[in-house]
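S.K.: A single structure is presented below for examination.
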Amino acid sequence: MSEIDLTGKVALISGGARGIGAETARCFAGHGAAVVIGDVLDEAGRGTAEAIRHAGGKADFIHHDVTNESEWEAAVDHAIRTFGGLEILVNNAGVEEAEHLVDLDIARARRLIDVNVNGVLLGHKHAARAMRPGGPAGRGGSIINLSSVAGLIGTPGLGAYTASKGAVRLLSKTAAVEFGFLGYGVRVNSIHPGYVETDMGRKLIDQFVGFGMLPNKLTAHADMARAYPVGRTGVPLDIARAALFLASDLSSFVTGAEIVVDGGMTVA
Ligand SMILES: NC(=O)c1ccc[n+]([C@@H]2O[C@H](COP(=O)([O-])OP(=O)(O)OC[C@H]3O[C@@H](n4cnc5c(N)ncnc54)[C@H](O)[C@@H]3O)[C@@H](O)[C@H]2O)c1
């Protein structure tokens, strides 16, 4: 048996239809967890859950917009009714917009903050209510928040996005100490990926080319990789494996931490 075993644990993964969230769902299910995938992309989400079941894992999909509080209640309730508990929440759903601050479109920025910050706040509220002693799941747990290297350092063009990811970083620490203080048995940590090749990542590269930060589209990916000491940019599995550690009991003494998974980019 692999050393990391999530058998008996139930995970809810927001934005799990594709990208990092989908890879995390496959990774957790492959290590024994039952996973509930929430997303606004119904067809892709159902497909991801179906593929996990086909491979012998336990998975289900629920339509879940993280900006909608009643859909959070429904998603948490669905996990508990379907699989008998909730021990892991991955606040993965996120959106990205790039524009220079002098061109800021406040409606787009508000929408981004609603998904990337308010969606994560709501996740803490409803998951912790379920996980805490006396709650309907009641066995404590681990909340894993997808921040970014953009929550650690400045990046031209990413004002609203960096504001949102910086907020997630510090929210994680407050939730860690608050849930500890209240005796909930719920750990909270943030993950800070560097560039990861997903739909969001590819969109970002196009935007950086548009801003003149990368010389042209053809060489953009290779040019970006040169900023990474390990010699490559990230793939979703790099991030899923960090989440796997934080989800498992191997990290039982880790809370309020920020795990930087960026191939050394932010220290180069
Ligand atoms: N790709 C990268 O380079 C990178 C780097 C650092 C951090 N991240 C973060 O990792 C997380 C996953 O990113 P990804 O690269 O897989 O992006 P992605 O765009 O491929 O996937 C994001 C998922 O979130 C879902 N989503 C968006 N709005 C939602 C909402 N309101 N409710 C529920 N689901 C919603 C999307 O439908 C999609 O399935 C995000 O929080 C992102 O900010 C990504």
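The values are calculated or read from the model by the stated rules, or taken from the named source; none is laboratory data. Quantities reported herein were computed from a predicted structural model and do not represent experimental measurements. Positions of Cβ are generated from backbone atoms using ideal geometry, with glycine treated the same way; all protein chains shown enter the neighbour counts. Quick note on the areas: whole protein, heavy atoms, side chains included, nothing else; ligands and nucleic acids left out. Shrake-Rupley method; radii C 1.70, N 1.55, O 1.52, S 1.80 Å.
S.K.: From the list Ala44, Ala79, which residue is assigned by TED's automatic domain parsing to the domain that holds Gly119, within 24 Å of Ala242 (Cα to Cα) and open to solvent by less than 20 Å² (accessible area, probe 1.4 Å)?
M.R.: Ala79
S.K.: Let me ask something else. Would you pick out the residues in the range 116-162 that are in contact with a helix residue (DSSP H, G or I) (Cβ under 9 Å, 6 or more places away or on another chain) and of a type in the set (S, T, N, Q)?
M.R.: Once the filter is applied, which keeps residues that are in contact with a helix residue (DSSP H, G or I) (Cβ under 9 Å, 6 or more places away or on another chain) and of a type in the set (S, T, N, Q), the range 116-162 yields Asn116, Ser142, Asn145, Ser147, Ser148, Thr155, Thr162.
S.K.: Quick one: Thr174 ticks every box in (1) touching a residue at least 40 places away in the same chain (Cβ under 8 Å); (2) open to solvent by 40 Å² or more (accessible area, probe 1.4 Å); (3) within 28 Å of Ser248 (Cα to Cα) except a single one, so which number is it?
M.R.: All conditions pass for Thr174, except number (1).
S.K.: Among the residues of the range 94-104 satisfying the criterion of being open to solvent by 20 Å² or more (accessible area, probe 1.4 Å) and hydrophobic (A, V, I, L, M, F, W, C), which is nearest to Glu23 (Cα to Cα)? Quick ask: steps written out before the conclusion?
M.R.: Step one: filter the range 94-104 for residues open to solvent by 20 Å² or more (accessible area, probe 1.4 Å), giving 94-95, 97, 99-104.
Filter once more, keeping what is hydrophobic (A, V, I, L, M, F, W, C): 95, 101-102, 104.
On the way: Val95: 17, Leu101: 33, Val102: 36, Leu104: 32 Å.
That would be Val95.
S.K.: Could you list, in sequence order, all residues of the range 148-191 that are within 13 Å of the ligand (Cβ to nearest atom) and assigned to a loop (DSSP other than H, G, I, E, B)?
M.R.: Scanning the range 148-191 gives Ser148, Leu152, Ile153, Thr155.
S.K.: Can you pull out every residue in the range 240-259 that is surrounded by 13 or more Cβ atoms within 10 Å (Cβ to Cβ) and either under 13 Å from Val188 (Cα atoms) or not assigned by TED's automatic domain parsing to the domain that holds Val188 (or both)?
M.R.: Ala243, Phe245, Leu246, Ala247, Ser248, Ser251, Val254, Thr255, Gly256, Ala257, Glu258, Ile259
S.K.: Right, another one. Taking the options Val115, Val168, name whichever one is touching a residue at least 12 places away in the same chain (Cβ under 8 Å), over 18 Å from Ala243 (Cβ atoms) and within 14 Å of the chain's Cα centre (by Cα).
M.R.: Answer to the check: Val115.
S.K.: I need the helices (runs of 4 or more DSSP H) fully contained in the range 7-88, keeping only those with at least 1 residues that are out of contact with any helix residue (DSSP H, G or I) (no Cβ under 7 Å at 6 or more places or on another chain) and of a type in the set (A, V, I, L, M, F, W, C).
M.R.: Ranges flagged: 42-54, 69-83.
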